[in-house]
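Since the structure comes first, as structure tokens, the remarks are kept for the end.
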Amino acid sequence: MSDTRQSRDHGHVVALIATIICVSIAALLFINRQFVVDQLSVWQYKPTADVVSLATRSGMSDTGKFYFFTAQPAVEEAQEFNKQCDRKEDTTAILGCYNGRNIFIYNVTNQSIDGIREVTAAHEMLHAAYDRLSGNEKVRVNTLLEAEYSKLKTDAKLAERMAFYDRTEPGERDNELHSVIGTEVASVSPELETYYKKYFTDRSEVTTLHQKYAAVFDDLQNRSQALISQLTTLNKAIEQDTTAYNKDVSKLNQDIETFNAKANAGNFTTQSGFQAERTALLTRANQLDAKRQSINADVATYESLRQQLAAIASQSEVLNKSIDSSLAPAPSL
């Protein structure tokens, strides 16, 4: 009897331990349910070579790649991309989006802005990572982000961009700062840099890519602004010089008529007096001719500068079209 009881008691203990283990596993799964869901998503996802390249070239760490792949990123052509990513304002092109589950990246093929897809991929990955921060960690990171942004407020382009996010994604300011600063700002506080090391093996890889393609846009804009300034100044000078020239020509014509009338009337008492006035008129005529040639040279320079500006405008148009999915050619039938 004692042996039977002992065996039964042991069975109760085993059953209790099994129950505790099951409860513990269930509790762990509940606490880490997002990780479990993410891990299943990563296992189910088979990234293309292109997607893997985006993760590698942007310098993502294993953790960064995990958050990137759990969103099952897809590089899409215009038609499919536009179905997935809403364009909030007509004046702003959208390069990627994260809808809370998936990442979509517009397939920009313009090689002059190589790296733009990689930066977009890292930007969207950081949105997925931000979504998974705990409440306390999000508060800490937001504080670091706001401190960093306070040092960047003099950047007019960034301020304009954040204003766009405020209009189109109210309440997502720190979420956007988390992605923008992480992929585009080369130097940040040591605390923030340490935080981003979770997602990048070398964050400078993605910020360098950003600087490289951003320089293409900046160069076109700077050259355009410089030419516009030159054209504005030159146009003003041409208008002023032309007005003065026409006035001087009119006055010279009047003086020539007066001279001819005086000569025809025999009002010159000496040959030297006649020659002196005639020479003075010829000198003025030669000076005006030189002025005319100078104005014509300025007009030629203006036209050359205008053509340069038109060429830059054409380059800018091609560049802008290459990143604007709404301007892509319609699919052929």
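Bear in mind these aren't lab numbers, they're just calculated from the coordinates by the rules spelled out. Model, not experiment: these values are computed from the prediction. No Cβ is skipped: glycine too gets one built from the backbone with ideal geometry, and neighbour counts run over all protein chains shown.
Based on the convex hull around the alpha carbon atoms, region 232-280 presents an average projected area of 3.8 nm².
Note on Lys262: lysines with a C-alpha under 19 Å away, same-chain residues under 8 apart excluded, are Lys251. Hydrodynamic radius of region 207-333 by the Kirkwood approach over all distinct alpha-carbon pairs: 19.7 Å.
Of Lys65/Lys157; Lys46/Lys198; Lys65/Lys138, which ones are farther than 25 Å apart at the Cα? Write out the running numbers ahead of the final one.
Numbers: Lys65/Lys157 29 Å; Lys46/Lys198 23 Å; Lys65/Lys138 20 Å.
Beyond 25 Å between Cα atoms: Lys65/Lys157.
Note down the net charge around Thr242, summing +1 for each Lys or Arg and -1 for each Asp or Glu among other residues with Cβ under 14 Å from its Cβ. Spell out each step's value before the answer.
Numbers: positive: Lys236, Lys247, Lys291, Arg292; negative: Glu239, Asp241, Asp248, Asp298.
Combined, the nearby Lys, Arg, Asp and Glu give 0.
Alpha carbon centre of region 53-93 versus region 145-161: separation in Å? Centre-to-centre (Cα) distance: 24 Å.
Along the axis of the charge dipole computed for the chain (Cβ charges of +1 for Lys and Arg, -1 for Asp and Glu, origin at the Cα centre), the listed residues Phe200, Ala300, Met60 are led at the positive end by Ala300.
Charging the Cβ of each Asp and Glu at -1 and of each Lys and Arg at +1, and nothing else, the dipole of the chain about its Cα centre rounds to 180 debye. Rg and Dmax over the alpha-carbon atoms of the chain stand at 36.4, 162 Å. Over the chain, dividing the summed -39,500 (n - 2.57) contributions of all DSSP H runs of at least 4 residues by the number of residues returns a 222 nm mean residue ellipticity of -25500 deg cm²/dmol. For the chain, the longest principal axis of the C-alpha atoms and the axis of helix 116-131 are separated by about 40°. Here is the list for region 110-198: trypsin sites (Lys or Arg not before Pro) lying in DSSP coil, each with at most 10 other C-beta atoms within 10 angstrom of its C-beta, are Lys153.
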